[in-house]
Structure formats: C-alpha cells, structure tokens
1. Given the -39500 (n - 2.57) contribution per DSSP H run of 4+ residues, what per-residue ellipticity at 222 nm results for the chain, rounded to the nearest 500 deg cm²/dmol?
2. Please list, ordered by chain and number, the residues whose modelled amide H lies under 5 Å from the amide H of CYS78; skip anything fewer than 5 residues away on the same chain.
3. Sort SER33, SER181, SER41 from largest to smallest accessible area, using a 1.4 Å probe on the heavy atoms of the protein chains.
4. Looking at the chain only, what percent of DSSP beta bridges run antiparallel? Nearest 5 please.
5. Step through the residues of region 92-103 one at a time and calculate ³J(HN,Hα) from phi using the Karplus curve (6.51 cos²θ - 1.76 cosθ + 1.60, θ = phi - 60°), rounding each to whole Hz and writing x for Gly and Pro.
6. Tally Lys and Arg at +1 and Asp and Glu at -1 over the other residues with C-beta under 14 Å from the C-beta of THR114: what net charge comes out?
7. Rounded to the nearest 0.05, what FRET efficiency do ASP18 and ARG163 give with R0 = 35 Å and r taken as the Cβ-Cβ distance? Could you check?
8. Given the options PRO55, ALA171, ALA132, identify the residue whose Cα lies farthest towards the positive end of the charge dipole of the chain (+1 on Cβ of Lys, Arg; -1 on Cβ of Asp, Glu).
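The values are calculated or read from the model by the stated rules, or taken from the named source; none is laboratory data. Owing to the predicted nature of the structure, the values given are computational and were not obtained by experimental measurement. A quick note on method: Cβ atoms are made from the backbone with ideal geometry, for glycine too, and the neighbour counts reach across all protein chains shown. Remember, those area values only see protein heavy atoms, side chains included, never the ligands or the DNA or RNA. Shrake-Rupley method; radii C 1.70, N 1.55, O 1.52, S 1.80 Å.
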Amino acid sequence: WLLERRINENTVGLGLADDLRPALMEMDADALSLVLMGGMSKAELPVEPKGAFAPVLRPEDFILPPLPNHLFTRDTTCWIYEGVTLNPMRWNARQLETVNITAIYKFHPDFRDTGFPIWWGDPDLNYGRATAEGGDVMPIGNRTVLIGMGERTTPYAAGQIARALFAQGGAERVIACRLPSERASMHLDTVFTF
C-alpha cells in the first residue's frame with residue numbers, strides 16, 4: 001500500500017517505478033523505513049536506472065526525497081477527541097509524511113483494529129488550497145475545537161474540518177481564528193498552548 005503511493009510513475013518516473021518497487025519490497029522493514037524517511041540518491045539505487053528521470057540525475061541527486069520534517073508528527077495528523085485527521089500539508093515537501101502516517105494507522109497493530117474515525121483527509125486526494133497542519137488544531141474541551149488559520153492551515157481546510165466534525169459528531173463547536181502573517185505565529189501552538 002505504502003510503496004504503491006511512494007514509488008510510482010508520478011514520483012520516480014516511467015521505467016524506474018516498475019523495477020524499484022519490487023526491489024524495495026525485498027528490504028527488511030527497518031531498512032525500508034530509513035529509505036522512506038531519509039531518502040535515496042541515484043547512487044544508492046538497488047536497480048539500474050531506467051526511464052527519462054533517473055539517467056539525467058547526478059549520483060548525489062535524490063530519487064526519493066528525504067523527509068527531514070517527519071520529526072514533527074503533530075503536523076501531519078491531529079487527534080481530535082476520539083478521531084483523527086490526515087492532513088494535506090501546505091508544502092509539497094511534507095505531503096509524503098501524511099502518506100507514511102496513514103500507513104501506520106491502517107496497518108500497525110496498535111491502530112489498525114481500533115476503529116477510530118478519520119474525521120477528514122485522505123492522502124490519495126488533492127485538496128488544492130485546503131491545507132491543514134496539526135499545530136493549528138487544538139481540541140480545547142467540551143467538544144470544542146480551536147483552529148488557527150494562517151500560512152499552513154487555510155480557511156478552506158478549516159471549513160472542511162468543521163463540516164466533517166459536525167457531520168460525524170466529532171465536535172459541537174469549532175472556533176476558527178485568523179493568525180498574523182508572521183514567522184512567530186506560524187502555528188496556533190506557537191502563539192499559545194495549554
């Protein structure tokens with residue numbers, strides 16, 4: 001499931017996708033997780049580079065980009081009471097993180113059979129300008145959620161999250177607030193916290 005989303009014609013190009021995916025399937029889980037988070041350069045390819053993409057790259061160029069911000073897992077998903085959102089991230093470089101976290105929720109034994117609701121988000125869909133990051137979402141009690149709207153979480157996403165929460169009984173009130181366009185207030189949780 002994960003490799004179909006991370007290794008395909010749109011991500012590594014024609015030719016290479018069909019050879020690279022089976023090679024990665026042969027890796028043990030620890031080594032594969034390092035590749036999916038740390039990236040893979042052309043020099044590290046376990047197969048001969050084919051297609052139009054890989055042959056034009058230098059050995060140090062990335063076939064799979066590293067995900068250095070994967071450390072900040074509070075952005076890719078957020079737990080709102082008993083459910084979760086799978087956030088379409090603002091920056092392209094971070095969107096693959098949501099795919100990785102979704103795989104954990106779908107397949108890891110600690111999550112896969114728990115039946116928690118996914119309030120909103122699907123890494124297989126393009127949300128356009130409706131982007132959200134968990135640092136802007138705070139469940140503040142009494143089935144109320146506070147959402148900060150700024151550079152990373154847009155009003156388009158805030159409205160969709162609120163609608164999804166109301167429709168599924170995840171919240172009774174959503175308060176959306178506009179954040180200043182300054183680095184110091186990049187996320188709601190940089191402005192204040194509980």
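1. Details: 7 runs with 63 residues, N = 194.
Here the helix-only value at 222 nm equals -9000 deg cm²/dmol.
2. It is THR85, ASN87, by chain and number.
3. On the way: SER33 45, SER181 125, SER41 15 Å².
Sorted descending by solvent-accessible area, the residues read SER181, SER33, SER41.
4. Numbers: 10 of 18 bridges.
Counting DSSP beta bridges with both partners in the chain, the antiparallel share is about 55 percent.
5. 3, 4, 9, 5, 5, 4, 5, 4, 4, 5, 4, 4
6. Values: positive: LYS106, ARG112; negative: GLU82, ASP110, ASP113.
Result for the local shell: -1.
7. Working: r = 40 Å, r/R0 = 1.14.
Working from the Cβ atoms, E equals 0.30.
8. Value computed over the given set: ALA171.
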